Number of protein chains: 4
Amino acid sequence: MIEDEYAAVPLAWVGPIRLTGGTVTGEFDVPLATFETPLWHSVRRGARLSTLTERGIAATVVDDRMTRSILLEADDAATALAAVGRLRDRFDELRDVVTAGSRHAHLIDMHHRITGNLLYLRFECTTGDAAGHNMTTQAADQLTAWILARIPGLRYGSVSANYCTDKKTSAVNGILGRGKNVVTEITVGREAVEQRLHTTADRIATLNTRKNLLGTVLAGGIGTANAHYANMLLGFYLATGQDGANIVEGSQGITYAENRDGDLYFSCTLPNLVIGTIGNGKQHPHVESALSRLGCRDERPPGENSRRLAAIAAATVLCGELSLLAAQTNPGELMRAHTRLERTTR
Amino acid sequence: MIEDEYAAVPLAWVGPIRLTGGTVTGEFDVPLATFETPLWHSVRRGARLSTLTERGIAATVVDDRMTRSILLEADDAATALAAVGRLRDRFDELRDVVTAGSRHAHLIDMHHRITGNLLYLRFECTTGDAAGHNMTTQAADQLTAWILARIPGLRYGSVSANYCTDKKTSAVNGILGRGKNVVTEITVGREAVEQRLHTTADRIATLNTRKNLLGTVLAGGIGTANAHYANMLLGFYLATGQDGANIVEGSQGITYAENRDGDLYFSCTLPNLVIGTIGNGKQHPHVESALSRLGCRDERPPGENSRRLAAIAAATVLCGELSLLAAQTNPGELMRAHTRLERTTR
Amino acid sequence: MIEDEYAAVPLAWVGPIRLTGGTVTGEFDVPLATFETPLWHSVRRGARLSTLTERGIAATVVDDRMTRSILLEADDAATALAAVGRLRDRFDELRDVVTAGSRHAHLIDMHHRITGNLLYLRFECTTGDAAGHNMTTQAADQLTAWILARIPGLRYGSVSANYCTDKKTSAVNGILGRGKNVVTEITVGREAVEQRLHTTADRIATLNTRKNLLGTVLAGGIGTANAHYANMLLGFYLATGQDGANIVEGSQGITYAENRDGDLYFSCTLPNLVIGTIGNGKQHPHVESALSRLGCRDERPPGENSRRLAAIAAATVLCGELSLLAAQTNPGELMRAHTRLERTTR
Amino acid sequence: MIEDEYAAVPLAWVGPIRLTGGTVTGEFDVPLATFETPLWHSVRRGARLSTLTERGIAATVVDDRMTRSILLEADDAATALAAVGRLRDRFDELRDVVTAGSRHAHLIDMHHRITGNLLYLRFECTTGDAAGHNMTTQAADQLTAWILARIPGLRYGSVSANYCTDKKTSAVNGILGRGKNVVTEITVGREAVEQRLHTTADRIATLNTRKNLLGTVLAGGIGTANAHYANMLLGFYLATGQDGANIVEGSQGITYAENRDGDLYFSCTLPNLVIGTIGNGKQHPHVESALSRLGCRDERPPGENSRRLAAIAAATVLCGELSLLAAQTNPGELMRAHTRLERTTR
């Protein structure tokens, strides 16, 4: 079965966004593919603000790893605990198993959960510039075979046990890490907040507490507190050939804002951003062109291109998030903007 | 800003899927747009199974509504409570406000949460064949203005308060409903399970309990227990012009399986499927063509086309979910399939 | 097996707390039984503050209901949906079943969830002045028998299905209600905040956002945002003969604070407070005496005594919560207080 | 303020329970203090079953640590990240800070979360036989002072930041560990299941999947899947002088059952059991006597007495959980038992 068609999703380059930080510095237009075209304008408004500040948006990549959990059935909990002890002792060998199976995957940590006689092992790898789904699945496969051949009292359960966790909402990714963990921050002067966003730092900070934090707690949200990260992420993911379903966990992030004597401190933290510059989907011409234009296909040490891409994605999220929150501080503004934009873009 | 480009996402029609139930009956190929092309084969394997059973996949649409929550600031909790009482008494007037503002939106219910002096109101509407994001936002805008003009002691907080909740993971959508609530079920005979899926009903039911239920609980999941609904949903959403970011909540669903004397009972419940056949994104030629081919552009009472589309989407989810779970009961099968398929589709 | 011993838990009356609002007005000492005796001093500090303000702590009882969910197995989802329709149509008869079985229980609402072929029904009753565990279990039993005898295609699953949910953490109780839903609020003048709590309104509001809201979101909390409601609740529950295990859900509540021009607005919302003045545990002499002293054994319409008790409990929670948060704004204060108090109370 | 009263909570010793495993082996009566006296009979029924099997209940203590999280405000995320790097490099010094401040506390690990410019540090200690609340708070205080004096760009936020997390429901304790992590398991023969519990292994396993796992997922539970751990835990905690409010997180545990050719495999996993044999509350005569009778005041290496107590507590939980689930497989049994027992114990 070879694809004979394409779904054509409208794409625009929006920007520039001014970015600083250890991973990437410069000004970039960013590509967003979406059927919801008012998104472009929302992100553009945030991007404008970044260019009005000296530092722009500071992006900090806090962590980078990809995970896969397996399920093993043990004779009982004591056997499972003993197995964990043996695996910890032989962790170097586990590492060698992964390295032998892939040039790019390196095992860096392992977590476990024992529940009854079930043993859940969560393997954490670096995967170079690939998002790393397949690389870690393959590593998990090989580790499973190695373990079952050497550690007594265990049987195969599943190569993926939802403790990874891929494309499902959870708390584990925020706490143990999966994908890139990126923080983006901006400080916008009082004047720009008032003139460009028609609001104040205090009103944005208050709204963030009441809506993103408290409203999400009331809704029974988990590990998340934001207005619409998912919109920006999906647009960016489709434009750059990512596995878009990873917005499920990628959009679990936290907006935090402060009124600093009238200036606005605004930050977006995305602890589980699964993203890469090589692998599935990256061979499509529009994707290759987008990645190149973003400077993410240059010669760099493994992982740097993908972390650069993650930083740019997270900055894009900040632009859209700031713009929407500002709009929602004013009665009627959101709807007016939508109505106007949808008219003009059709 | 007019889009000058498109992100071209590979699309294939997979099937046929045999579907029965009150909403839609027949056999359908379904369109899936994805960079992860092994998905097509996974769904196709599940679809084949549906055609081997007499009833195929039975789809039941349990509910249909769209929501938006607003935030109002009250003088104190007692004022907020009194306001809720007044709004309940005048619910007919609220309904008229919504009807006056839109031909398609009808207010059917309202929920509230009082936290300190903050009042969260969650409005629930039917929105015809539209997914209804904008329609409910507009209704919320108009209701807010109406309420602030008539009910004392309240001030504007936000037109969207995350208690809706749109594109964020939560428990509220599962409990109170948002979008279509669809259950899909199939019973596969023992022989087909063994010959087509190379496994048994018992092994699938056990894996579902250990991975989808227990593994998700360990991971800190919320309102969700499945392997990869997000993959099928995104593919279907992009192919049919949906707002793809709604897979965040849409993928919060529950797989439940039983071994019935060797036969497999397998079900997927999607309580929050936001989906429509008209509105944003539906005007693109490939989308119009896809919706027509699925029979979702026929003359039907308002809402029936979109419920039909929801049923087909949910059946597609079942096909992919069943196929993946079956594969994961066998060591190494998942990775072998991926490797083989990625080779052949490139 | 008759108890031959008692666990003696140290108890002190702390106060007075000044309370206002529709349910109860006056000044009250409150009883707290705990092995963690510094709790008394913490609550007392908050109580003092309440007496320094004119309105004291305003308590608003937002809701009152007790729930039990049952599980029924249906032939399939369509049968389950049809059953729900029939039950809605015959809701008056369901109500009669409950009324016939108990003088105090009245069925007021029913929610359902269909997952695969499983039907979860959540019955909501008022239960007079009893917390209502047994009353709703009995009602659920009788409703189950009635339903199975009349609605086709259903079989018994369980008399309790965790969708109630009793003594387990969840989102459902916050969203649909279980027990008393109480909001307590206080506004403390700037001077009192500074002199009595050695901090400022701004520092408390900021800490609440960063710790109770954001910290809990990071921790993967669900439907909760507070520092230590569980401490005050357990102390109050043991002293008043409650089923103490209900602190599991009772402690899922939300602290919300604002800096209002230097004054502190501080509120505690407890949406799931299971509490009663009659029933199990209330016959013990120290319990009877405590309930009488709190004025919760007076002649009042059914439910009023227990709502009064709920309001007093929630005000007690506010006192302890405010005191602890204030302490944590200052480095070292919490530990110093603990050390000093534990020395003096032994 | 010295306590002048006691809350007298009815207490009974129930058993014997047969226990095996690395931590404790033997038969024990266990003390349960509760106003809900049917609990005694429920636990006793489970205990009886344990004595009918050769191995009884096998308890495995998987982990043991106590935690406290602090909040620090950093200049920005990059400063926070640099601080984490410095602290990792100087982890030995952090360990020395804790050791210098307490004979019993030893720092064993540290986790961090960076959100915007906020830094959450979660310190993990062993605390000997104490539950360790105060010990870790004191350690956190001293670590905070040490860090603020040495690492640039940080300011005090809070000595407790809800990422610990104490007495609040969360996912973090299950994932990173807090208190004792204990698994208890039993295998009951088909005959005993039928004759003593009047049910079958298959019915119990099915109910566990539908109620404890699926029902809890529907309810929006987090990191938990059981029927009523909270009841047994509170009874055991009050009888042994624990801080009873820790049942909030302690009751977040997972019941897992399997039908093994007609025999019942039944397990209870309690990943966050905060419990100790010394410290606050342990000086009361009834507590000292209870701990001695359980053999938890003997001369043993630090931590062994408290892990022994944890194993016994977890076995008690299993007894009550098994008994209730068995009862709920039969229509009407639960209510009949309650009615009968409450009559006889009054």
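Could you list, in sequence order, all residues of segment A:64-99 that are among the small types (G, A, S) and either without any contact (Cβ under 8 Å) to a residue 12 or more places away in the chain or on the phi > 0 side of the Ramachandran plot (or both)? Quick ask: steps written out before the conclusion?
Going through segment A:64-99, the residues among the small types (G, A, S) turn out to be A:69, A:74, A:77-78, A:80, A:82-83, A:85.
Once the filter is applied, which keeps residues that are among the small types (G, A, S) and either without any contact (Cβ under 8 Å) to a residue 12 or more places away in the chain or on the phi > 0 side of the Ramachandran plot (or both), segment A:64-99 yields A:A78, A:G85.
Surrounded by fewer than 17 Cβ atoms within 10 Å (Cβ to Cβ), under 18 Å from A:T25 (Cα atoms), within 14 Å of chain B (Cβ to nearest Cβ) and not hydroxyl-bearing (S, T, Y): is that true of A:R300 in this structure?
Details: surrounded by fewer than 17 Cβ atoms within 10 Å (Cβ to Cβ): yes; under 18 Å from A:T25 (Cα atoms): yes; within 14 Å of chain B (Cβ to nearest Cβ): no; not hydroxyl-bearing (S, T, Y): yes.
Against the criterion (surrounded by fewer than 17 Cβ atoms within 10 Å (Cβ to Cβ), under 18 Å from A:T25 (Cα atoms), within 14 Å of chain B (Cβ to nearest Cβ) and not hydroxyl-bearing (S, T, Y)), A:R300 does not qualify.
Tell me which residues, restricted to segment B:87-133, are among the basic types (K, R) and more than 21 Å from C:P271 (Cβ to Cβ). If you could, list the steps in order and put the result at the bottom.
Let us first name the residues in segment B:87-133 that are among the basic types (K, R), namely B:88, B:90, B:95, B:103, B:113, B:122.
Across segment B:87-133, the qualifying residues are B:R90, B:R95, B:R103.
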Counting only residues that are in a helix (DSSP H, G or I), of a type in the set (S, T, Y) and within 30 Å of A:G253 (Cβ to Cβ), segment D:75-117 contains a total of 1
When segment D:259-290 is checked residue by residue, the ones that are crowded, with 24+ Cβ neighbours inside 10 Å and of a type outside the set (A, V, I, L, M) are D:F266, D:S267, D:C268, D:T269, D:P271, D:N272, D:G276, D:T277
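Criterion first (more than 12 Å from the chain's Cα centre (by Cα), within 7 Å of another protein chain (Cβ to nearest Cβ) and in contact (Cβ under 8 Å) with a residue 24 or more places away in the chain) does A:A245 satisfy it?
The answer is no for A:A245.
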Quick check, is B:R336 within 14 Å of chain A (Cβ to nearest Cβ) and of a type in the set (D, E, K, R)? yes
Please go through segment A:36-56 and pick out each residue that is more than 21 Å from the chain's Cα centre (by Cα) and outside any helix (DSSP H, G or I). A:T37, A:L52, A:T53, A:E54, A:R55
Among the residues of segment C:200-207, is there at least one that is at pLDDT below 95, under 25 Å from A:N212 (Cα atoms), crowded, with 24+ Cβ neighbours inside 10 Å and of a type outside the set (D, E, K, R)? no
Single condition A:T187 does not satisfy, out of (1) crowded, with 24+ Cβ neighbours inside 10 Å; (2) away from chain B (no Cβ under 14 Å); (3) outside any helix (DSSP H, G or I); (4) of a type in the set (V, I, T): (1)
Filtering segment C:208-242 down to residues that are touching a residue at least 40 places away in the same chain (Cβ under 8 Å) and of a type in the set (D, E, K, R) yields C:K211
Exactly one condition in (1) without any contact (Cβ under 8 Å) to a residue 40 or more places away in the chain; (2) in contact with an Asp or Glu (Cβ under 6 Å, 6 or more places away or on another chain); (3) not aliphatic (A, V, I, L, M) is not met by B:T339; state its number. (2)
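Report the residue count in segment D:190-223 for those that are assigned to a helix (DSSP H, G or I) and either under 22 Å from the mean Cα position of the chain (by Cα) or not basic (K, R) (or both).
Going residue by residue through segment D:190-223, those that are assigned to a helix (DSSP H, G or I) are D:190-197, D:201-218.
Now restrict to residues that are either under 22 Å from the mean Cα position of the chain (by Cα) or not basic (K, R) (or both): D:191-195, D:197, D:201-202, D:204-209, D:211-218.
Residues flagged as assigned to a helix (DSSP H, G or I) and either under 22 Å from the mean Cα position of the chain (by Cα) or not basic (K, R) (or both) within segment D:190-223 amount to 22.
Every residue, every condition in (1) of a type in the set (G, A, S); (2) outside the structural domain of A:C125 (by TED's automatic domain parsing); (3) modelled with pLDDT of 95 or more; (4) not in a helix (DSSP H, G or I), yes or no:
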site: A:L233; (1), (2), (3), (4): no, yes, yes, no
site: A:F236; (1), (2), (3), (4): no, yes, yes, no
site: A:N280; (1), (2), (3), (4): no, yes, no, yes
site: A:L291; (1), (2), (3), (4): no, yes, yes, no
site: A:G295; (1), (2), (3), (4): yes, yes, yes, yes
site: A:A314; (1), (2), (3), (4): yes, yes, yes, no
Could you list, in sequence order, all residues of segment A:140-197 that are in contact with a Ser or Thr (Cβ under 6 Å, 6 or more places away or on another chain) and of a type in the set (S, T, Y)? A:Y163, A:T169
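So is A:T316 more than 12 Å from every other protein chain (Cβ to nearest Cβ) and either free of Cβ contacts under 8 Å to residues at least 12 places away in the same chain or touching a Phe, Trp or Tyr at 6+ places or on another chain (Cβ under 7 Å) (or both) or not?
On the way: more than 12 Å from every other protein chain (Cβ to nearest Cβ): yes; either free of Cβ contacts under 8 Å to residues at least 12 places away in the same chain or touching a Phe, Trp or Tyr at 6+ places or on another chain (Cβ under 7 Å) (or both): yes.
Yes; evaluated as a whole, the condition is true for this residue.
Against the definition (farther than 26 Å from B:L325 by Cβ, crowded, with 24+ Cβ neighbours inside 10 Å and touching a helix residue (DSSP H, G or I) at 6+ places or on another chain (Cβ under 9 Å)), how does B:A7 come out, yes or no? Please lay out each step first, then the result.
Working: farther than 26 Å from B:L325 by Cβ: yes; crowded, with 24+ Cβ neighbours inside 10 Å: yes; touching a helix residue (DSSP H, G or I) at 6+ places or on another chain (Cβ under 9 Å): yes.
Answer is yes for this residue.
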Checking the conditions here, which among D:L238, D:L264 is farther than 20 Å from C:E249 by Cβ and either at the interface with another protein chain (Cβ under 8 Å from one of its Cβ atoms) or not aromatic (F, W, Y) (or both)? D:L264
Given the criteria more than 9 Å from chain A (Cβ to nearest Cβ) and buried (at least 21 other Cβ atoms within 10 Å of the Cβ), does B:T216 qualify? no
Subset of segment A:13-36 [at the interface with another protein chain (Cβ under 7 Å from one of its Cβ atoms), out of contact with any strand residue (DSSP E or B) (no Cβ under 6 Å at 6 or more places or on another chain) and closer than 20 Å to B:V9 by Cα]: A:F35, A:E36
Taking into account only those residues within segment D:104-148 that are among the charged types (D, E, K, R) and touching a residue at least 24 places away in the same chain (Cβ under 8 Å), which is surrounded by the fewest Cβ atoms within 10 Å (Cβ to Cβ)? D:D109
Checking D:N330, D:N272 in turn, the sole residue that is touching a residue at least 24 places away in the same chain (Cβ under 8 Å), assigned to a strand (DSSP E or B) and within 14 Å of chain C (Cβ to nearest Cβ) turns out to be D:N272
Subset tally (residues that are of a type in the set (K, R) and within 26 Å of B:P10 (Cα to Cα)) for segment B:38-67: 3
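Quick one: would you say C:A245 is surrounded by 24 or more Cβ atoms within 10 Å (Cβ to Cβ), modelled with pLDDT of 95 or more and either assigned to a helix (DSSP H, G or I) or not assigned by TED's automatic domain parsing to the domain that holds C:G128 (or both)? Full working, then the answer.
Numbers: surrounded by 24 or more Cβ atoms within 10 Å (Cβ to Cβ): yes; modelled with pLDDT of 95 or more: yes; either assigned to a helix (DSSP H, G or I) or not assigned by TED's automatic domain parsing to the domain that holds C:G128 (or both): yes.
Taking the combined requirement at face value, the residue satisfies it.
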Being of a type in the set (V, I, T), over 25 Å from B:V248 (Cα atoms) and within 8 Å of chain B (Cβ to nearest Cβ) is the requirement here; does A:T137 meet it? no
Can you tell me how many residues in segment B:46-92 are farther than 17 Å from B:A140 by Cα and either more than 13 Å from chain C (Cβ to nearest Cβ) or small (G, A, S) (or both)? 20
Test: residue in segment C:276-292 that is within 12 Å of chain D (Cβ to nearest Cβ) and within 12 Å of the chain's Cα centre (by Cα): yes
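The values are calculated or read from the model by the stated rules, or taken from the named source; none is laboratory data. None of these values were measured; they are calculated from a predicted model. Heads up, the Cβs are rebuilt from the backbone with ideal geometry, glycines too, and the neighbour counts pull from every protein chain shown.
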